[in-house]
1. Considering only the range 142-240, give the strands (runs of 3 or more DSSP E) lying wholly within it that have at least 1 residues that are of a type in the set (Gly, Ala, Ser).
2. Answer yes if at least one residue in the range 255-268 is at pLDDT below 95 and either buried (at least 17 other Cβ atoms within 10 Å of the Cβ) or not in a helix (DSSP H, G or I) (or both), and no otherwise.
3. Considering only residues that are of a type in the set (Phe, Trp, Tyr) and touching a residue at least 40 places away in the same chain (Cβ under 8 Å), which ones fall in the range 111-139?
4. Pick out, from the range 279-383, the helices (runs of 4 or more DSSP H) lying fully within it that include 3 or more residues that are modelled with pLDDT under 95.
5. For Asn220, all conditions in the list (1) out of contact with any strand residue (DSSP E or B) (no Cβ under 8 Å at 6 or more places or on another chain); (2) not assigned by TED's automatic domain parsing to the domain that holds Leu262 hold save one; what is the number of the exception?
6. Somewhere in the range 338-354, is a residue β-branched (Val, Ile, Thr), within 25 Å of Ala180 (Cβ to Cβ) and not assigned by TED's automatic domain parsing to the domain that holds Ala130?
7. Tell me, yes or no, whether the range 257-268 has at least one residue that is among the acidic types (Asp, Glu), closer than 27 Å to Cys280 by Cα and assigned by TED's automatic domain parsing to the domain that holds Thr311.
8. Given the options Asn109, Asn156, name the one that is surrounded by fewer than 21 Cβ atoms within 10 Å (Cβ to Cβ), in contact with a strand residue (DSSP E or B) (Cβ under 9 Å, 6 or more places away or on another chain) and farther than 14 Å from Leu6 by Cβ.
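The values are calculated or read from the model by the stated rules, or taken from the named source; none is laboratory data. Because the structure is predicted, anything quoted here is derived from the model rather than measured. With ideal geometry, Cβ positions are generated from the backbone for all residues, glycine too; neighbour counts draw on all protein chains shown.
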Amino acid sequence: MSKIILYPHGGSGNHGCEALVRATIKILGDNNDIYLASKSPEQDIRYGLEKICTIVPQNSDSPSLIKRLWTSVKYRILGDKLAYERNTYRDILRHVDSNTICLSFGGDNYCYGKPTYIYIMNRLFRERGAKTILWGCSIEPSNIDTEMIDDLRGYNLIIVREPETYNALIQRGITNVKMAPDPAFALDSDNSIKLPAGFIPGNTVGLNLSPMALSYSADNATVLENYIKLIDYIIGSTEMNIALIPHVVWSDNDDREPLTQLFEKYHHTGRISMVYDCNCEQLKYLISQCRFIVTARTHASIAAYSTGVPTLVLGYSIKAKGIAVDLFGTHDDFVVPVQNLTSEDDLLNAFIKIQNQEIDIIKILKSKSNGLKLGALAMKNLI
């Protein structure tokens, strides 16, 4: 039995994060002692992760006065420059030793700015003799500076999920790297969810829009106008219904906020529904019942790809392009960078291209889906 730490985890209110936890544990198998270092244990319990792993707070509670004083002594007098960080992460550090494998599995934690807290956690784990593995990741090439390269070279293994990241690392002389599908390609699907009223299996377009995507756009109004134009087209020119699918429900990053604006504008048509919050395996089943998906969330797109649903991604980082390239050989026609939206028809025009290629896309996805699942499951052998 191996002792494995999964870190860092923001909480299962992001169902992409939840999907990575569930899929990773499935890939690793049952013969492991698995700990999840979580910033939001209460979220993980809400969605049932305590049934499959031991949840430990990533950030520990404030220490006692004596502990704080001793930490100050270690930092100021004994020269321990990570003394305060040892306090911050002391609950998870109790489980780390030379027999531990620490899987850094956030997917895109190296995509947005400098992940200093991950650098620190890695240093603390490595000095205890643990092996560290960067698991199923994408990395924004423009973020790769000297400090990041030093951190990446400290991993015993890096497993990237798409070729754009792989090539960027190899070009920078980082060789401890392999490529495999995103772990969530192996995620199970749970059909216990009840489809919302008005959801027509096989003839519904699933729409997702996120505050994250809006934050990367030059103009929020242009993004919303693109969704409005798309919905007008679906309702006015097709017989398909629409399901609005939130995939992240964090209080400071909640997909339901922009989706509710769209629902309120169109609910009178009787052709649109809002999906209620549920776990990632139930969301995967619901997405699998759609005819098309348009999404800003990566793991909503992976749920669609892995179940053969033609997908258009409103992308804002390298991960969307890289995963599409791995599947189709190109990201053209499959990813619309949110930064490039200038006309209110951009998303609609891209959707019509997907619609016109529907049969061919389904054939490609069905021909690759089993191989992608097996490739994700084979990541255990790399460890």
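1. Values: elements: 157-160, 177-179, 204-207.
Those strands (runs of 3 or more DSSP E) span 204-207.
2. Of the range 255-268, the ones at pLDDT below 95 are none.
No, the range 255-268 has no match at all.
3. Let us first name the residues in the range 111-139 that are of a type in the set (Phe, Trp, Tyr), namely 112, 117, 119, 125, 135.
Selection gives Tyr112, Tyr117, Phe125, Trp135.
4. By residue number, 318-328, 358-377, 379-382.
5. (2)
6. The answer is no; no qualifying residue exists.
7. Narrowing the range 257-268 to residues among the acidic types (Asp, Glu): 257, 264.
Narrowing further to those that are closer than 27 Å to Cys280 by Cα: 257, 264.
Filter again for assigned by TED's automatic domain parsing to the domain that holds Thr311, leaving 257, 264.
Taking every residue of the range 257-268 in turn, at least one turns out to be among the acidic types (Asp, Glu), closer than 27 Å to Cys280 by Cα and assigned by TED's automatic domain parsing to the domain that holds Thr311.
8. Answer to the selection: Asn156.
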